[in-house]
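K.L.:
First the structure, which I've put down as C-alpha cells, then a few questions once you've had a look.
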Amino acid sequence: MQKKPNLLFFGIDSLRADHMSLYGYSRLTTPHITEYLKDGVIFDRMFSPHIPTTPGYANMLTGRDCFGTQVVALRHEGAMTDKAVTLAEVLRQEGYDTTCVGFTGNPSSRGFDRYLDFEGWGDWSAGRAHKAENLNAVAMPELERMAAGDKPFFLFLRHMDPHSPYLAPEPFHKMFYQGDEFDPENHSLDDLYDFKPFRDYFYSWFPPHCTDADYIIAQYDAEIAYMDSCIQCLLQKLADLGLEEDTIVVFTSDHGETLTEHQCYFDHHGLYDCTLTVPFAFRWKGRTCGGKHYGDFCQLKDVMPTLLELMGIQTDLPFDGRSLMPVVRGEDRVQEPDMYITECTWERKHGWRTPEWKLIVALEPDLHFREMKELYNLITDPGENHNVIGQYPEVAACLEKQLNDFVAKREKETGLEAPIKTNTNWHGMGCGPFQTSQQAYDTMHIGDPAAAQKLQAGNK
C-alpha cells in the first residue's frame, strides 16, 4: 500500500499576494518560492473573506465559512465550534504525526499532536528581528524528527515576518530602499503619527524620527524577501532528507495587509482587497507541473477540501468550500465570484463582493469616522478610493439584498445567527457595540508589540 503524502504547510501571516514577485510584483521579494513553484500550481484569485487572523485560519484549516466555524473576530471568545473539524484532526485520524509551529493557544489551531513556538515579535529597542530564522531553529529539528518516524506528517508553519513589526535584519532592510527615511521635508507619515489608536505601537518599532512611508513599505517587502530566503533553507532540508517526492508543500496566508491604503496604516483591517486577497499555491514533485496560474475565484474555505483530494483522503465531513482539483485537471467547476465578507479586528463590518462591486456595511460606528455604508466599483476604481454609494443607491440596495438573502440562507442552514451579529464584545472591552466613532477612536488602542502579541493570541 502506497504511503500517504506528507504535508508541509506554510500558513504565512499577513502576506499580500500582490507584494510577491510570484504574482508579478516589481520587487524581487519571493525568488525562491517562485523558483520552487515552477513545478507547482498557483491560484491568482484566492480570497480570505473573513478577516483577520483567527477567522482566516479557521476557514483555511476547516473548509468552513464563518457560519460553519462561528468564528469572525480576532479576539474570539471560547473554542471554535466542534461542528467544524480541523485538517489536523482529520489527518491525526488518518495516522499522521502533526505539529503546529507558531500558533499555540488560538481556537483555530485546534487538533495538533504538539505545538512549538518561536520568537516572532520585537521592537526597535531589541534590534532587528530574526523571525524566520527563529522559526527555522524550531522547525528544522522537528522536520528531521518527523522524517525519521514511520508515520506521514503534517507540519504547519505560521511565519510572522510579513506581520508587523517590520524589522527585517541586515542586509534585507535596505534591499528596496535607497532614500532618506529621516528627511524632515517628508511628511508622508504625519497622518499616521496623528492617529491615536495606533501611534504608540508604531513609535515602538519605527526608527526614531522616521518620516517616509515608503521606507516602512520597503521594510514590509524586505520582511517577505528575508522570509523567502529562510523558507528556501527549509525546502532544501526537505530535499536533503529525500522527501520532496513524498511531500506536498503549500503556501497561503490568513489575510493580506494594509500599508498606507485607506488610512489603515500597516495593519490588516478594512474590508478592502489589499486585506482580502492572499496567495495560494502548492507543489507535489512529480505530481504537479508547469507552474501554471489559474484565475478562478476561490476562497480559503476551498483549501482543506483541495488538499484532502490531492492527498487521496476521503471524508464525509460537510465542507462549505469545494476542491480546486477539478480546475487543475482542466475540468469544469462552477465558480463562486460573489462572496460574503466580514471583519472584526478594530471595527465590526460585513459586506458583499462581486467581480464589479463591493458593498461594505458597518454594524457599529468605526474608529476611522467612515460612513456606515460604502460602495466601490472594482472595475473603474480597483483601489477602492471613491465611495460612490451616493451615486448608485440602486446598486447598493441590490447588493444589500443579496447580502441579507445570503445571511438568511446560511442562518437557516446552520440553525445559528450570523456570528458577525452576535460578537458584540469583539473588541474585548465589555462595553457592547460602539455608539459613536469617537467612542471607538478613544477606546481602541495598541500600545506596544507585547500588547499586539496578546491580541493576536486572543488574550485581552
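K.L.:
Residue by residue through region 298-326, note down the ones that are outside any helix (DSSP H, G or I) and over 17 Å from Tyr57 (Cα atoms).
P.N.:
Gly312, Ile313, Gln314, Thr315, Asp316, Leu317, Pro318, Ser323, Leu324
K.L.:
Provide a single number: the residues in region 2-38 that are free of Cβ contacts under 8 Å to residues at least 60 places away in the same chain and in contact with a Leu (Cβ under 9 Å, 6 or more places away or on another chain).
P.N.:
So the count comes out to 2.
K.L.:
Only one residue in Pro382, Pro337 is closer than 30 Å to Arg283 by Cα and surrounded by fewer than 16 Cβ atoms within 10 Å (Cβ to Cβ), so which one is that?
P.N.:
Pro337
K.L.:
Is there a residue in region 25-37 that is at pLDDT 95 or above, closer than 30 Å to Trp426 by Cβ, in the same structural domain as Arg92 (by TED's automatic domain parsing) and surrounded by fewer than 23 Cβ atoms within 10 Å (Cβ to Cβ)?
P.N.:
no
K.L.:
Among the candidates Gly122, Gly105, single out the residue that is within 21 Å of Ala168 (Cβ to Cβ) and either of a type outside the set (A, V, I, L, M, F, W, C) or part of a helix (DSSP H, G or I) (or both).
P.N.:
Just one listed residue meets the conditions, Gly122.
K.L.:
If a residue has to be under 25 Å from the mean Cα position of the chain (by Cα) and not polar (S, T, N, Q) to count, how many in region 231-249 make the cut?
P.N.:
Result for region 231-249: 7.
K.L.:
Given (1) touching a residue at least 60 places away in the same chain (Cβ under 8 Å); (2) under 25 Å from the mean Cα position of the chain (by Cα), where does Pro152 come up short, assuming only one miss?
P.N.:
(2) is the only condition that Pro152 fails.
K.L.:
Considering only region 305-326, how many residues are buried (at least 17 other Cβ atoms within 10 Å of the Cβ), out of contact with any Ser or Thr (no Cβ under 6 Å at 6 or more places or on another chain) and touching a residue at least 40 places away in the same chain (Cβ under 8 Å)?
P.N.:
Result for region 305-326: 7.
K.L.:
I would also like to ask the following. Just need a number here: residues in region 347-366 that are farther than 14 Å from Leu276 by Cβ and either without any contact (Cβ under 8 Å) to a residue 40 or more places away in the chain or buried (at least 24 other Cβ atoms within 10 Å of the Cβ) (or both).
P.N.:
4
K.L.:
Determine whether Ala408 is at pLDDT 95 or above, surrounded by fewer than 12 Cβ atoms within 10 Å (Cβ to Cβ) and among the small types (Gly, Ala, Ser).
P.N.:
yes
K.L.:
Are any of the residues in region 327-341 touching a strand residue (DSSP E or B) at 6+ places or on another chain (Cβ under 8 Å), within 21 Å of Arg64 (Cβ to Cβ) and in a helix (DSSP H, G or I)?
P.N.:
Yes, the conditions are met somewhere in region 327-341.
K.L.:
Tell me which residues, restricted to region 252-263, are part of a loop (DSSP other than H, G, I, E, B) and either closer than 19 Å to Val72 by Cα or of a type in the set (A, V, I, L, M) (or both).
P.N.:
Asp254, His255, Gly256, Glu257, Leu259
K.L.:
Consider region 283-297. How many of its residues are surrounded by fewer than 24 Cβ atoms within 10 Å (Cβ to Cβ) and either assigned to a strand (DSSP E or B) or within 11 Å of the chain's Cα centre (by Cα) (or both)?
P.N.:
Selection size over region 283-297: 9.
The values are calculated or read from the model by the stated rules, or taken from the named source; none is laboratory data. Bear in mind the structure is a predicted one, so any value in this text is a computation, not a measurement. Backbone-built Cβ (ideal geometry, glycine too); neighbour counts: all protein chains shown.
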